[in-house]
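First up is the structure itself, then whatever we jot down about it.
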Amino acid sequence: MFKKLRNKNLHEIKEAALPVPSKRARLSPLVYGAGLIAVGVMLRKVKPEVGTAPNPLQFGAARGASKRLRSAAFARDRAANFAPSNITDKLGTSLVLGGIAMVTARVLDEAVGRKL
């Protein structure tokens, strides 16, 4: 194989070494990215109950309890300030962003890629 490529330039070597992907292989990232976007939007719209975090105040205060329980309740209450109330919102947002990134990367790949 190397003897055949000895007298060729770098562009010809690249063309010989890299196979041309099939149409299906070129479009599958677009379909997969669109699916990620669709699932992410659905999760953000539907907000299933499985991802809802309970309100920490429903468990009551730790008044009159030991110092360890009071400090655990204090940490729980402070963490509730920045924790998401519905985790599926955050998951949906991540899926949408990942899908957009995948579609954008594939479209840019096609724009600057090899002409068939």
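Between Gly33, Gly92, Gly51, the distinction of being at pLDDT below 85 and either surrounded by 14 or more Cβ atoms within 10 Å (Cβ to Cβ) or touching a Pro at 6+ places or on another chain (Cβ under 8 Å) (or both) belongs to Gly51 only.
Being within 25 Å of the chain's Cα centre (by Cα) and not in a helix (DSSP H, G or I) is the filter here, so list the residues in the range 65-114 that pass it. Passing the criteria: Ala83, Pro84, Ser85, Asn86, Gly113. Residues that are in contact with a helix residue (DSSP H, G or I) (Cβ under 8 Å, 6 or more places away or on another chain) and of a type in the set (D, E, K, R) within the range 83-113 comprise Asp89, Arg106, Glu110, listed in sequence order. Within the set Ser85, Ser66, Ser22, Ser71, the sole residue that is closer than 30 Å to Gly113 by Cα and either modelled with pLDDT under 80 or not hydrophobic (A, V, I, L, M, F, W, C) (or both) turns out to be Ser22.
The values are calculated or read from the model by the stated rules, or taken from the named source; none is laboratory data. The shown structure was predicted, so the numbers you read here are calculated from the model rather than taken from an experiment. Please note: Cβ atoms are built from the backbone with ideal geometry, for glycine as well, and neighbour counts cover all protein chains shown.
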